[in-house]
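A short write-up of the structure that comes next.
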Amino acid sequence: MVTAPLAGAFAFALIVLPSDPENEPPPYFNATLDTTSRFYDREFNERKERLRDFGATRIQVGERAGLLKLHVGMPESFPEGQSQDRLREEIEGLPGVVEVRLCTFHTCDW
């Protein structure tokens, strides 16, 4: 009986209270792949691991609603010679990638 009002207050606070950009994680890329069989594609798997050379901090592949998704984290600031745009180009060049979205803590549910 007490949990419903608390849950409502928490949801209200998340919507109304301003966020603190200093404490939010960096943005990330969320890519949709053409087929779930890419999970077993050797070329895709080898090339996705090379995304670290372009600044990727975390690389995860998972299925959601029948679609294979690639989640690529990035650093708060890129080292010299790397950039968010270059990382995006590399993701877009992976076999089977049909869409790449830039996401933040508040957008693009994984």
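The values are calculated or read from the model by the stated rules, or taken from the named source; none is laboratory data. Quick caveat, the model's predicted, so the values are computed rather than measured. Note: areas computed on protein heavy atoms with side chains; ligands, DNA, RNA excluded. Shrake-Rupley method; radii C 1.70, N 1.55, O 1.52, S 1.80 Å.
When each of GLU80, GLU89, GLU63 is tested for being assigned to a loop (DSSP other than H, G, I, E, B) and either among the hydroxyl-bearing types (Ser, Thr, Tyr) or open to solvent by 30 Å² or more (accessible area, probe 1.4 Å) (or both), the lone residue that passes is GLU80. Checked against the criterion of being at pLDDT 90 or above, open to solvent by 100 Å² or more (accessible area, probe 1.4 Å), not β-branched (Val, Ile, Thr) and not in a loop (DSSP other than H, G, I, E, B), the candidates ARG47, ARG52 yield just one match: ARG52.
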